[in-house]
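Working notes, beginning with the structure itself.
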Ligand code: KIV
């Protein structure tokens, strides 16, 4: 990892060298600081925060203002990772002009270096416009969560000849339009491998096998904070929810039986000062 902030060119060089690109999501200052210290080269402020932070069933209710709020917090925490802000539902589909205005807000007000948007050839005009105006764009193909109702659930994409052909063509078209990288979500591993071979830009997989140029995972999934369900593509590296629950119970117990706080966690004062204050109160002085 360079001492300065990672750029899209660094990611291209990583692909050229065959160096894998590990990506994680983050939604706040503290977790971004931790990932940055660990050396994660790219952080995605994903609209998955709608589910793992806000508790919605899908990513659809997340607003642009909420994404900007979380992006600013992550940018304050991570000084070296390239930070990608996820454009929420209906902030880039209505018109190319609106996509440009909203993407610009991510860079100007959010402070991130790139944006991500979902879809293939239908979003090409928006991708091209953003890139033309100096905004790096990450594509997102396969299962695209903002279309969950269209898909009818989190369903693997690209298993038929037609669907695989569509995905391959969409990927090549996104590259042609100037996308700097593409997330492949729930794409069968052999198809993701083929897409990765054919593209010059890095593919970042999630549930798309080991042959993508990089992998992205949701912070709350890999560290065991989100317990509503565990996606098949997730490996849990920690079980934070259980550890936090146990710690909260210990805290509760220690407060109840007077083990916390102790002198170590308290502030002292000159007893004479307190004595004088009490004397004044008891003597009725103002
Ligand atoms: O919102 C998100 O976190 C994402 C990743 C799962 C790729 O889009």
Check on residue 120, within 16 Å of the ligand (Cβ to nearest atom), under 16 Å from residue 182 (Cα atoms), assigned by TED's automatic domain parsing to the domain that holds residue 61 and in contact with a helix residue (DSSP H, G or I) (Cβ under 6 Å, 6 or more places away or on another chain): yes
Condition met for residue 56 (free of Cβ contacts under 8 Å to residues at least 24 places away in the same chain and within 13 Å of the ligand (Cβ to nearest atom)): yes
Boolean, residue 36 is within 16 Å of the ligand (Cβ to nearest atom) and touching a helix residue (DSSP H, G or I) at 6+ places or on another chain (Cβ under 9 Å): no
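Residue by residue, here is whether (1) out of contact with any helix residue (DSSP H, G or I) (no Cβ under 9 Å at 6 or more places or on another chain); (2) at pLDDT below 95; (3) closer than 28 Å to residue 106 by Cα holds:
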position: 137; (1), (2), (3): no, no, yes
position: 143; (1), (2), (3): no, no, yes
position: 153; (1), (2), (3): yes, yes, no
position: 180; (1), (2), (3): no, no, yes
position: 210; (1), (2), (3): no, no, no
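The values are calculated or read from the model by the stated rules, or taken from the named source; none is laboratory data. Please read all numbers here as calculations on a predicted model, not as lab measurements. Every residue, glycine among them, receives a Cβ derived from its backbone with ideal geometry; neighbour counts consider all protein chains shown.
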